[in-house]
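The values are calculated or read from the model by the stated rules, or taken from the named source; none is laboratory data. Being a predicted model, the structure only gives us computed values, none of them experimental. All Cβ positions, even for glycine, are placed from backbone atoms using ideal geometry, and neighbour counts span all protein chains on display.
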Amino acid sequence: MSPSTYVPPKVWTNDAESGGQFASINRPTAGPTHDKTLPVGKHPLQLYSLATPNGVKVTILLEELLALGHGGAEYDAWLIRIGDGDQFSSGFVEVNPNSKIPALLDRSADPAIRVFESGSILLYLAEKFGAFLPTDPAGRTETLNWLFWQMGAAPYLGGGFGHFYAYAPEKLEYPINRFTMEAKRQLDVLDRRLAESPYLAGDTYTIADIAVWPWYGQLVRGNLYSAAEFLDAGSYTHVQRWAQAIAERPAVQRGQRVNRTWGDEATQVPERHAAADLD
């Protein structure tokens, strides 16, 4: 490994292109960049999202709720093209001042309730409909343990490993080694837990599984960063078993298609306003 010639300045300034796939939307300030009102459909739940791992958490949960017969979980899913900077519109920033997808507006309340951050949305919907979150203190706490584990762990997987392994404009040995080590440690945490129980919180499928699966389940199945072989994903046998079981759920398959604009055309449902849109 050759030593770096970069010396950080005393005060950082944004005077150089960051490079990489997402350089055009990176900036050091918050707030809207343009005025645009968000569209509103006929359902109480209005989702503004994209089918990234964070985005599909919410559409999976909504489809699971509908499969249980919760008609109030019907929703409009509007496409937010993050590559085009839709998340910086004035309307989106009103719903999520952090300018990240997904964002949810619950218009069944007056005034409407905004919910942002994927973990917060999962918890909000689980509590609203009384599903996928145990009511006993031990089960609820274990579910929230793993839900918040994902919130803290995934940035190392996405912004760390995923960025430097798949998206950075140049391959750098130190950050790839650093974040690969952490990604494998996290997979080992999951594998040890899933050796003890079928799902993360125990015997029951919960919002913890819905939160973790789009990142780690898809990673070991070869659907994230094309990194399964690099990470020796097949060695995490309990994660593999869990990931496949969840992938076979019809609601999971439907939820992954919503707000998707890439891949096989048959898997793409850019916007969803009725169950028939997924037929």
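Things to note:
- Options Q253, Q150, Q240; residue that is out of contact with any helix residue (DSSP H, G or I) (no Cβ under 7 Å at 6 or more places or on another chain) and within 27 Å of L68 (Cα to Cα): Q253
One line per residue, one yes/no per condition, for (1) in contact (Cβ under 8 Å) with a residue 40 or more places away in the chain; (2) buried (at least 16 other Cβ atoms within 10 Å of the Cβ); (3) of a type outside the set (D, E, K, R); (4) under 15 Å from F92 (Cα atoms):
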{"position": "S24", "(1), (2), (3), (4)": "yes, no, yes, no"}
{"position": "P32", "(1), (2), (3), (4)": "yes, yes, yes, yes"}
{"position": "A51", "(1), (2), (3), (4)": "yes, yes, yes, no"}
{"position": "T59", "(1), (2), (3), (4)": "yes, yes, yes, no"}
{"position": "L62", "(1), (2), (3), (4)": "yes, yes, yes, no"}
{"position": "G71", "(1), (2), (3), (4)": "no, no, yes, no"}
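- Number of residues in region 76-113 that are surrounded by fewer than 16 Cβ atoms within 10 Å (Cβ to Cβ) and within 20 Å of the chain's Cα centre (by Cα): the value is 5.
- All of T59, T37 fail the test of being outside any loop (DSSP other than H, G, I, E, B), modelled with pLDDT of 95 or more and out of contact with any Pro (no Cβ under 7 Å at 6 or more places or on another chain), apart from T59.
- A77 being in a loop (DSSP other than H, G, I, E, B), among the aliphatic types (A, V, I, L, M), closer than 25 Å to A154 by Cβ and assigned by TED's automatic domain parsing to the domain that holds N98: no
Per-residue answers, yes or no, for (1) without any contact (Cβ under 8 Å) to a residue 60 or more places away in the chain; (2) out of contact with any Phe, Trp or Tyr (no Cβ under 6 Å at 6 or more places or on another chain); (3) assigned to a helix (DSSP H, G or I):
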position	(1), (2), (3)
F161	no, no, yes
A166	no, no, yes
F179	yes, no, yes
V189	yes, yes, yes
S197	yes, yes, no
L224	no, yes, no
A228	yes, yes, no
L231	yes, yes, no
Q240	yes, yes, yes
